[in-house]
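Input: a single structure, listed below in structure tokens.
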Amino acid sequence: MSSVEPVTEKPRTLQARPDWKPDDTARQFLPAALEILETPASPVGRMVAATIILFFAIAIAWAILGHVDIIATASGKIVPTGRTKTIQPLETGIVSVIHVQDGDRVAAGQVLIELDRTVTQAERKHVAQDLVASQLDVARLVALRDGFSGTMPADLTPPAGAMEADITRARSSMKAQASEQLAKVASINRQIEQKAAEFQSITATIAKIDASLPLVEESATIRRKAMEIQYGNHIAYLEAQTKLVEQRNERMVQQRKLAEVEAARQALEQQVEQTRAGYERQVLSDLSDAQKKVIDGHCTPEWASKVTDPWTDFEANGRVKMKALEGHEVYALTAEQLGEWKKAVKPLHDSWAEAVKKAGGDAAAVDAALQATLKKFEAGI
């Protein structure tokens, strides 16, 4: 009797080849569990996590070691509690040259900076041209004023520095204005002469009527007397009376015309006077405005120096001359005399300071500025 022994098969272990790696295509046919095991993890997650941790660490370090300024922004208005004074330059401009540096020692009167002169030179040139133009206007209007007698004015006297083109233009304007005025007056004078001729013609007509009127009256009288004695013709009498009436009416009409012509002539003469008066008034008004512009053009520091410097030099030379003359003594006030003068003028100074205070000014600041200026020019006492 035979027996059957079960055959036990030993499990075999499958070993993969060390050089075999599943690719993406092969991995897709693997079971889900094996696909997860065989698929390598993406490094992006680790990099994102590392970056977050790094920024978090930097934020903690900056929060511990950093300094944050606290700034509050708000609108408001600064109200000073004491006296204020506006400080601003007399002339604004652009600094072109700086002659000093920080720490340099400077002296009084030394030039520290220079401003750009482009604008000021242009303005000065413009003012000079306006001044010359105003002087030309004055010369033109003076020549027109001298020609008020009814003749063409003489040539104008051009100012120094005027361009030839401007002088020619001023002469042309003067001659055109004078010619226009002379033409207006001449036209009115011709009308006056025409009215005078009409007046003479009407006067002659009236004289003729006056000469013939007695004869017509006498003829009418004869015709009337002839009719009374039944000797004359009635038609001839009526004709004589008609002619007499016509003569008398014609004389009345001529008298009215004579009065109208005389009135028109007087009106034209008044028109001549009005035209001349209006022309003279306009010329004098323009002359006044032009002279005012010339005066304003000379109101500059340069012209102020030209006017005041000779007087200052004259006064200084007079003092020197007085000291040199015999019998004259020039002496300075003593401290006691100066004190008496200050005491005498103190009420006036106090009233002035009170008036300045009422006007809203600072009398002390004004007085201090004045004293500083007097001291600078050695003009105080």
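The values are calculated or read from the model by the stated rules, or taken from the named source; none is laboratory data. Since the structure is predicted, the reported quantities are computational estimates derived from the model, not experimental observations. Positions of Cβ are generated from backbone atoms using ideal geometry, with glycine treated the same way; all protein chains shown enter the neighbour counts. Each accessible area value is taken on the protein alone, full model and side chains, heavy atoms only, with ligands, DNA and RNA left out. Shrake-Rupley method; radii C 1.70, N 1.55, O 1.52, S 1.80 Å.
Checking the range 135-142 against the condition returns no match, with no residue being without any contact (Cβ under 8 Å) to a residue 24 or more places away in the chain and either of a type outside the set (Phe, Trp, Tyr) or in a helix (DSSP H, G or I) (or both).
Anything in the range 218-234 that is open to solvent by less than 70 Å² (accessible area, probe 1.4 Å) and either closer than 30 Å to LEU156 by Cβ or in a helix (DSSP H, G or I) (or both)? List them, or say none.
SER219, ALA220, THR221, ALA226, MET227, listed by residue number.
Residues are listed down the side, and each one gets a yes or a no for (1) hydroxyl-bearing (Ser, Thr, Tyr); (2) under 30 Å from GLU250 (Cα atoms):
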| site | (1), (2) |
| --- | --- |
| PRO158 | no, no |
| ALA165 | no, no |
| ARG171 | no, no |
| ALA197 | no, yes |
| ALA204 | no, yes |
| SER212 | yes, yes |
| GLU218 | no, yes |
| ARG224 | no, yes |
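Looking at (1) open to solvent by 80 Å² or more (accessible area, probe 1.4 Å); (2) touching a residue at least 24 places away in the same chain (Cβ under 8 Å), can you tell me which one ASP362 breaks? It fails just one condition, (1). Between ILE98, ILE70, ILE64, ILE78, the distinction of being closer than 30 Å to ALA363 by Cβ, surrounded by fewer than 10 Cβ atoms within 10 Å (Cβ to Cβ) and either aliphatic (A, V, I, L, M) or modelled with pLDDT of 80 or more (or both) belongs to ILE78 only. Which ones in the range 149-183 are closer than 20 Å to TYR279 by Cβ, surrounded by 15 or more Cβ atoms within 10 Å (Cβ to Cβ) and at pLDDT below 85? Those that are closer than 20 Å to TYR279 by Cβ, surrounded by 15 or more Cβ atoms within 10 Å (Cβ to Cβ) and at pLDDT below 85: PRO153, LEU156. Of the numbered criteria (1) assigned to a helix (DSSP H, G or I); (2) open to solvent by 50 Å² or more (accessible area, probe 1.4 Å); (3) among the β-branched types (Val, Ile, Thr), the one ILE206 fails is (2). Among residues of the range 273-284 that are over 17 Å from ALA176 (Cβ atoms) and of a type in the set (A, V, I, L, M), those with a Cβ under 9 angstrom from a residue that is surrounded by 12 or more Cβ atoms within 10 Å (Cβ to Cβ) and at pLDDT below 90, sequence gap 6+ or separate chain, pair up as LEU284/LEU141; LEU284/ARG145. Would you tally the residues in the range 239-266 being closer than 12 Å to ILE202 by Cβ and polar (S, T, N, Q)? The number of residues fulfilling the criteria is 2. Which fully enclosed helices (runs of 4 or more DSSP H) of the range 262-381 have 2 or more residues being within 30 Å of GLN135 (Cβ to Cβ)? Filter on the range 262-381 gives 301-324.
With ALA139, ALA128 as the choices, which residue is modelled with pLDDT of 85 or more and either touching a Pro at 6+ places or on another chain (Cβ under 7 Å) or over 19 Å from LEU284 (Cα atoms) (or both)?
So the residue among ALA139, ALA128 that is modelled with pLDDT of 85 or more and either touching a Pro at 6+ places or on another chain (Cβ under 7 Å) or over 19 Å from LEU284 (Cα atoms) (or both) is ALA139.
THR120 meets all of the listed conditions (1) assigned to a loop (DSSP other than H, G, I, E, B); (2) at pLDDT below 80 but one, namely (1).
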